[in-house]
1. Any chance you could run the full-extension gain for Gln86 through Ala272? It's 0.36 nm times the residue separation minus the Cα-Cα distance, nm to one decimal.
2. Could you work out which residue, out of Val186, Val156, Val61, moves most in a Gaussian network model of the chain, that is, has the largest mean-square fluctuation with Cα springs under 10 Å?
3. 5 Å is the cut-off here: which amide hydrogens, built 1.01 Å from N in the peptide plane, fall below it relative to Ala34, excluding neighbours closer than 5 in sequence?
4. Could you pull out every one of the aspartates and glutamates with an alpha carbon less than 16 Å from that of Lys320, ignoring same-chain neighbours closer than 8 positions?
5. Under a 5 Å amide H to amide H cut-off, with H placed in plane at 1.01 Å, what residues pair with Phe289 once short-range neighbours are removed?
6. Listing Leu55, Leu318 from the residue with the fewest other Cβ atoms within 10 Å to the one with the most, what is the order?
7. Using 7 Å Cα-to-Cβ label points, what is the Cys218/Asn117 separation (nm, one decimal)?
8. Give me, ordered by chain and number, the residues 5 or more places off Val199 or on other chains with an amide H under 5 Å from its own placed amide H.
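Read-outs: derived from the displayed coordinates by stated rules, not from any lab. Quantities reported herein were computed from a predicted structural model and do not represent experimental measurements. Here Cβ is always computed from backbone atoms with ideal geometry, including for glycine, and neighbour counts include all displayed protein chains.
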Amino acid sequence: PSSNSPTEGPLGLERGICRAKGGSAGFKVAILGAAGGIGQPLAMLMKMNPLVSVLHLYDVVNTPGVTADISHMDTGAVVRGFLGQQQLEGALTGMDLVIIPAGVPRKPGMTRDDLFNINAGIVKTLCEGIAKCCPKAIVNLISNPVNSTVPIAAEVFKRAGTFDPKRLLGVTMLDVVRANTFVAEVLGLDPREVDVPVVGGHAGVTILPLLSQVKPPCSFTQKEIDYLTDRIQNGGTEVVEAKAGAGSATLSMAYAAVKFADACLRGLRGDAGIVECSYVASHVTELPFFASKVRLGRTGVEEIHALGPLNEYERVGLEKAKKELAASIQKGVSFVNK
Ligand code: NAI
């Protein structure tokens, strides 16, 4: 018996059935691209999350092995694997949260936009499946270029008549995780005590850390601001170069994705005061999509926070970010409507 057999317990015994169906309270979560560099550690960490009752692992390769492996962990979530396009519907039906790390990662010398041609099509297909099978699910989109893939997903959902801006979230949490780490290093603090808002988008100059709003309140020299801004904006490239052709950030990304997914699930559960940065449909600037702090609740994004007071350095950064973001958004929208 494998964990792919959702209706029977081992030996087909009736008493196995309740749990094999995922009978316990909790949320149903699907990971699309679950056999990849991010997908595997993400699947492992989600299997450890007590808010998850059912975990669906979908990929176009290798899900049987990953599913068999992860399903042996003695935590609550029931794990099921789904392989290939013909099993996408089964993977998505009934899901509360869908996390998407499917697609190719960068190699040294590549920008995230260089991934557009391959990943745009992958995201479009997967979102068509979501529109059909679980239109009410919260979607956490990780596949790059996030600045364009989120607008692609929105267009797909609009065409299907299922678009709910509160439920589509681009994952920029890794930028926040990096910013917290690098700022803590400079200040000599524990990273867990540091909170750096990172707004804009998820590529190069569109990643805009608001160092004037760091908690706990602190001040930086101009040299520190230049160093931190550069390191936060190029943290991904730092990993791509260190991995020297073997991919981009996977372990820190899986950590960040779980931190974000957990916040979404706590919001769905009704916990109060859950605020994280995310790239969403927004009116915070004149652009249709923008990353900023959002409050997560039972219906997804329940409130989008304004950017707050920016200093001159951040205002200049914001203008640069908006210029690049506008082009990336347009590219995503045109891809679906071409
Ligand atoms: P990977 O190549 O190791 O894994 C990607 C997985 O997607 C593979 O298992 C592949 O079989 C699967 N896949 C390909 N086409 C698919 C389809 N049509 N349906 C379902 N699965 C499909 O790549 P890795 O390192 O896991 O990165 C995944 C994506 O995440 C990349 O686009 C990367 O740029 C992005 N990323 C995003 C970050 C963020 O902060 N938002 C940070 C790091 C990476």
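1. The span from Gln86 to Ala272 would gain 63.1 nm if fully extended.
2. Between Val186, Val156, Val61, it is Val186 that shows the largest mean-square fluctuation.
3. Under 5 Å from the amide H of Ala34: Tyr58, Asp59.
4. Asp226, Asp230, Glu286, Glu312
5. Ser282
6. Exposure proxy ranking, most exposed first: Leu318, Leu55.
7. Going by the 7 Å Cα→Cβ label model, 4.3 nm.
8. Amide H to amide H, under 5 Å and 5 or more residues apart or across chains, Val199 pairs with Leu208, Leu210.
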